[in-house]
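Undergrad: One structure follows; several queries about it will come next.
The values are calculated or read from the model by the stated rules, or taken from the named source; none is laboratory data. Quick caveat: nothing in here was measured; it's all calculated off a predicted structure. Cβ atoms come from the backbone with ideal geometry, glycine included; neighbour counts cover every protein chain shown.
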Amino acid sequence: MSDKPKVLIIDDDEKILRMMRRRLMKSGFDVVTTTNGYEGMDIAIEQQPAVIILDIHMPIINGYDVISQLRAKGYKGKVAACTASVGARDTQKTIDAGCDHFISKPIDLGFEDLIKEIMNG
Amino acid sequence: MNLDSLFERSIEQAITGVVIADCSIEDMPLIYVNPAFTQITGYSKEEIIGKNCRFLQGQDSDTKELQILRDAIKSGTDCKVILKNYTKAGKPFWNELSVSPVYNESKKLTHFIGIQNDITTKVESDMKLLKAKEMAEESTRLKTDFLNLVSHELRTPLTVMLGNLPLLTDADDMPEAKDIEEIAKDIQESGEHLLSLINELLDLSRIEQGKLKLIPEPLRIDDVAYDAINTVKSLADKKSLPIIEAIKNFDFIGDRMRVKQILINLLSNAIKYTVEGEVTLATYQEGDIGIIEVTDTGSGISEEFLPYIFDSFRQEDSSATRQNRGSGLGLSITKKLVDLHSGELTVRSEKGKGSTFSISFPVI
């Protein structure tokens, strides 16, 4: 079993998943990814990642519902919403739904440090 | 001049309608109406004296306002209501009616006096203003939604492009060659997606300003159709969707690039919204009309959204769970391009079963 901190990324865009996986793995994270919110919830419960990076606009089940259902199931891990919808209302809605942090897309150069901060915060 | 005769003359000459109903008689018949009332309603005095004034009401009179009036009459109090009434000819008018009880010396309720103003012009003007305000608010909302959508659609490919750059600029720790190849492909595709979105926005802007000029030439539909199919084939292959070609040639005048764009837009949409089944492109001639049909077995369009399908700033699903990305401009641009060709674009669709977009062009 890896002793690296685990990050779960849930995003329906495979290109974004590949990019984030590469960057976080390079920074020493163990990375799990999925394009499906339901599968993401199962992984979160089973593997208890240090941080979940959660896209909001997704087909099948959106990020608001993923975090709401996870919190309803008692999930207490750190969750950062990561979305290209960056209005003030979007930010507040993700926090209200149960996310701890809000990361706007495009992600910047300090993305990896931000994930570490969230993990240790 | 005595006061009674002055009152009578004033009421007879007033431009507001005045009626008096007798409470001591069952059904409260009218015992007096002034000439203004007969002019507003179209009834003569003889026709209405002795009748309850409910003859002014119609099926769509506001029941809430009527209830206020009934309650006031029942309790012997005054009220002011606005009623939709009808003239003798059946023409609706808005009646601002003030009703007051009249008591005799023994404090007994004997009559009601009603004063009515025809405020139809004002009500219609208010309704027009309200409708204009609602339309302006709807337009603002749609534009805000659209700007948010465009912002989201621009940021998504930019995330891939900008997010991958640090991986390619760290000279001490470059990814392996196969990874670099994959990253470059992702950046390339994201850039192309971004460009197509920008082109769509520019196209829409040019068309709406009347600045998009066609370069018409004689065209064979089979040439353009196969060309368009070749362009979208890789998209269909990725989803293992066959494109059925039912191409019969007809000749027409059109802008080759724009007609191809029309077909690509319709075929791409059909592929995007179809999970299983097939996409069919059929072209054929009926009399003087050349017909192009793009049919899919996809998710279809709801009956409620169908009237808005070609609107620029609308998406059937703008929620966080929407299944497919895109600016939502494609169909609007396609419709406008067909219009510029003096053609007609129509759609038939059933939710869950699929859609057929049909274009008709005049043939040569």
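Undergrad: Mind checking which residues of segment B:176-194 are of a type outside the set (Lys, Arg), within 11 Å of chain A (Cβ to nearest Cβ) and under 17 Å from A:GLU14 (Cβ atoms)? Spell out the reasoning first.
TA: Of segment B:176-194, the ones of a type outside the set (Lys, Arg) are B:176-177, B:179-184, B:186-194.
Checking the rest, the ones that are also within 11 Å of chain A (Cβ to nearest Cβ) come to B:176, B:179-180, B:182-183, B:186-190, B:193.
Within segment B:176-194, B:ASP179, B:GLU182, B:ILE183, B:ASP186, B:ILE187, B:GLN188, B:GLU189, B:SER190, B:HIS193 meet the criteria.
Undergrad: Taking B:SER312, is it crowded, with 18+ Cβ neighbours inside 10 Å, within 14 Å of chain A (Cβ to nearest Cβ) and modelled with pLDDT under 90?
TA: Criteria not met by B:SER312.
Matching residues to (1) among the β-branched types (Val, Ile, Thr); (2) within 23 Å of B:PHE7 (Cβ to Cβ); (3) outside the structural domain of B:GLU8 (by TED's automatic domain parsing):
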position: B:ILE31; (1), (2), (3): yes, yes, no
position: B:GLY42; (1), (2), (3): no, no, no
position: B:ILE48; (1), (2), (3): yes, yes, no
position: B:PHE55; (1), (2), (3): no, no, no
position: B:ASP60; (1), (2), (3): no, no, no
position: B:THR63; (1), (2), (3): yes, no, no
position: B:PHE93; (1), (2), (3): no, no, no
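Undergrad: Kindly provide the set of residues from segment B:165-193 that are at pLDDT 90 or above and touching a Ser or Thr at 6+ places or on another chain (Cβ under 9 Å), ordered by number. Working first, answer last.
TA: Within segment B:165-193, the first condition is being at pLDDT 90 or above, and the residues that meet it are B:165-169, B:174-192.
Within segment B:165-193, B:SER190 is the sole residue that qualifies.
Undergrad: I've got another one for you. Within segment B:273-297, restricting attention to residues that are acidic (Asp, Glu) and either without any contact (Cβ under 8 Å) to a residue 24 or more places away in the chain or more than 29 Å from B:ILE364 (Cα to Cα) (or both), which residue is surrounded by the most Cβ atoms within 10 Å (Cβ to Cβ)?
TA: Top of the filtered list is B:GLU278.
Undergrad: Restricting to segment A:10-57, give me the number of residues that are in contact with a Leu (Cβ under 6 Å, 6 or more places away or on another chain), within 14 Å of chain B (Cβ to nearest Cβ) and within 17 Å of A:CYS99 (Cβ to Cβ).
TA: Residues flagged as in contact with a Leu (Cβ under 6 Å, 6 or more places away or on another chain), within 14 Å of chain B (Cβ to nearest Cβ) and within 17 Å of A:CYS99 (Cβ to Cβ) within segment A:10-57 amount to 2.
Undergrad: With a cut-off of at least 3 residues that are at negative phi and surrounded by fewer than 17 Cβ atoms within 10 Å (Cβ to Cβ), name the helices (runs of 4 or more DSSP H) lying wholly within segment B:1-84.
TA: By residue number, B:3-13, B:45-48, B:63-75.
Undergrad: Also: Loosely packed, with under 11 Cβ neighbours inside 10 Å and more than 10 Å from chain A (Cβ to nearest Cβ), is that true of B:GLU137?
TA: Numbers: loosely packed, with under 11 Cβ neighbours inside 10 Å: yes; more than 10 Å from chain A (Cβ to nearest Cβ): yes.
It is true that B:GLU137 is loosely packed, with under 11 Cβ neighbours inside 10 Å and more than 10 Å from chain A (Cβ to nearest Cβ).
Undergrad: Read through the list (1) outside the structural domain of B:LEU147 (by TED's automatic domain parsing); (2) farther than 23 Å from B:LYS353 by Cα; (3) of a type in the set (Asp, Glu), then give the number of the only condition that B:GLU276 fails.
TA: The number of the failed condition is (2).
Undergrad: Let me confirm something: among B:VAL123, B:VAL160, which residue is part of a helix (DSSP H, G or I), among the aliphatic types (A, V, I, L, M) and facing chain A (nearest Cβ under 9 Å)?
TA: Just one listed residue meets the conditions, B:VAL160.
Undergrad: If you don't mind, another one. Determine if segment B:204-223 includes at least one residue that is part of a loop (DSSP other than H, G, I, E, B), surrounded by 18 or more Cβ atoms within 10 Å (Cβ to Cβ) and not basic (Lys, Arg). Walk me through it before giving the result.
TA: As a first pass, look at segment B:204-223 and keep what is part of a loop (DSSP other than H, G, I, E, B): B:209-215.
Filter again for surrounded by 18 or more Cβ atoms within 10 Å (Cβ to Cβ), leaving B:212.
If we keep only those that are not basic (Lys, Arg) as well, we get B:212.
The answer is yes, given that some residue of segment B:204-223 is part of a loop (DSSP other than H, G, I, E, B), surrounded by 18 or more Cβ atoms within 10 Å (Cβ to Cβ) and not basic (Lys, Arg).
Undergrad: Within segment B:143-179, how many residues turn out to be aliphatic (A, V, I, L, M) and more than 48 Å from the chain's Cα centre (by Cα)?
TA: Of the residues in that region, 4 qualify.
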